[in-house]
Amino acid sequence: MGGGRQRPGGRPESVGGVRVALGLISGVVAIALVAVLVDRFVLGAEWWQVRHTVTAEPVTPQREVGPPPGPLTVSWERTTHIHHGSVAGYDGVAYAVGLGQVVTASGRGLEVRDARTGAERWSYRRSGWTLLGWASTRSRLLGYFERDGDRGARLVIAFDALSGGLLWRREGLRPAAVPRATLRWPAGSGVLLATDDDRRTLIGVSAATGNRVWRLPLPKRCRLFEGGARPSAGREDLVALALDCGGEERHSRLLAVEPGAGEVAWERRLGSAESPEVSMLDGVTLVSDGTALRAFDEDGEQFGVWRGDDV
């Protein structure tokens, strides 16, 4: 009778081969596990890539009236470094004043100062990520970040506007429209306006919780513009968004949405297929589409038009 070949130590060669294979598999699994743990707890860890400061100090009260009569003088000034990130066209700096604070938004992150004194209040930045949008509604301030070199890695972070305290984080959210000129993500009535990957649906996201509160399909053959200098503008009770619409004749449209309810207030066709520049002043919506500057009232009625491509 024949048997399996024996090694000098008396062990069958087949058993030894199985053990070698199992050892190799275990080694590969261990290496993969280590790589996952390193990516999650080292490369993606908050403790080294995030610089976040908060405050418990109240905001310095501001005067109810404007500046005193006489020559204006400089109260304070600060320098903001321009961040040259991996996404072209988003290397500007934007400022806004609200709740007695000056918000500075740049690719480096968010920096909030006391509007009266210029003293630092709170800030947030992430190493290896670029701030490509920010929003403010009620007592919430939010930042939209993308990982450098990987635009598919998206992160939205919500803060308490006064203290800078972290409220929530969500991965994968995409802003409905972010103007390159201001980085101001449209929001209002405590709701952020997001969209899907095809940009054919508006999604209302609660600024308080990060949860979806409504969904609104855009008109047929229309989608949000991929980018633009000012493709959107908004107030707390109304947001205006530019739409890129196809069909036999490609054109742009302006869609006004009530952010709290997710309802369309009005919709108007514009004069060209270019991404228009949109701004809102009190109850007036201004749109420049390359053919004319148009003014719409609160109900969407056009009450003024100045034609020409250089208005």
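The values are calculated or read from the model by the stated rules, or taken from the named source; none is laboratory data. Just so we're clear, the structure is a prediction, and the values are computed from it rather than from any experiment. With ideal geometry, Cβ positions are generated from the backbone for all residues, glycine too; neighbour counts draw on all protein chains shown. Please note that ligands, DNA and RNA were not included when accessible areas were found on the heavy atoms of the full protein model with its side chains. Shrake-Rupley method; radii C 1.70, N 1.55, O 1.52, S 1.80 Å.
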Using Cα atoms only, what is the angle between the long axis of helix 13-38 and the major principal axis of the chain, expressed in degrees (0 to 90) to the nearest 10?
20 degrees
Roughly how many percent of the accessible protein surface of the chain is carbon and sulfur, given a 1.4 Å probe and a whole-percent answer?
53 percent
Top to bottom by accessible area (1.4 Å), largest first, where do Phe225, Phe159 land?
Phe225, Phe159
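Peptides 213-220, 124-131: what's the order by average Cβ count within 10 Å, highest mean first?
Numbers: 213-220: 14.5, 124-131: 19.5.
Highest mean packing first, the order is 124-131, 213-220.
Averaging over all projection directions, find the projected area of the Cα convex hull of the chain and quote it in nm² with one decimal place.
Numbers: hull surface 110.1 nm².
Averaged projected area of the chain's Cα convex hull equals 27.5 nm².
Cβ neighbours within 10 Å, averaged per peptide: list 69-76, 106-113 in order, most packed at the top. Please list the in-between numbers first.
Numbers: 69-76: 7.2, 106-113: 22.2.
Answer by packing, highest mean first, reads 106-113, 69-76.
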Stretch Ser26-Arg307 to full length: gain in nm at 0.36 nm per residue minus the Cα-Cα span?
94.0 nm
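Could you order the peptides 114-120, 148-154 from most to least packed, using the average number of other C-beta atoms within 10 Å per residue?
On the way: 114-120: 15.1, 148-154: 13.1.
Descending mean neighbour count gives 114-120, 148-154.
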Would you compute the Debye intensity of region 215-308 from its alpha-carbon atoms alone, equal scatterers and no solvent, and pass along log10 I(q)/I(0) at q = 0.25 Å⁻¹ to two decimals?
-1.44
Taking R0 as 22 Å, what's the FRET efficiency between Thr79 and Ala56 from their Cβ-Cβ distance, rounded to 0.05?
0.25
Here, region 61-117 modelled as identical Cα point scatterers in vacuum has Debye log10 I(q)/I(0) at q = 0.13, 0.26, 0.29 Å⁻¹ of -0.45, -1.11, -1.24
Residue-normalised value, i.e. accessible area per residue, for the chain at 1.4 Å probe, in Å², stands at 55 Å²
Suppose accessible area is computed on protein heavy atoms with a 1.4 Å probe; arrange Asp197, Asp91 from highest to lowest.
Asp197, Asp91
HN-Hα J couplings of region 294-302 from phi, Karplus 6.51/-1.76/1.60, θ = phi - 60°, integer Hz, Gly and Pro as x?
10, 10, 10, 8, 4, 9, x, 7, 6
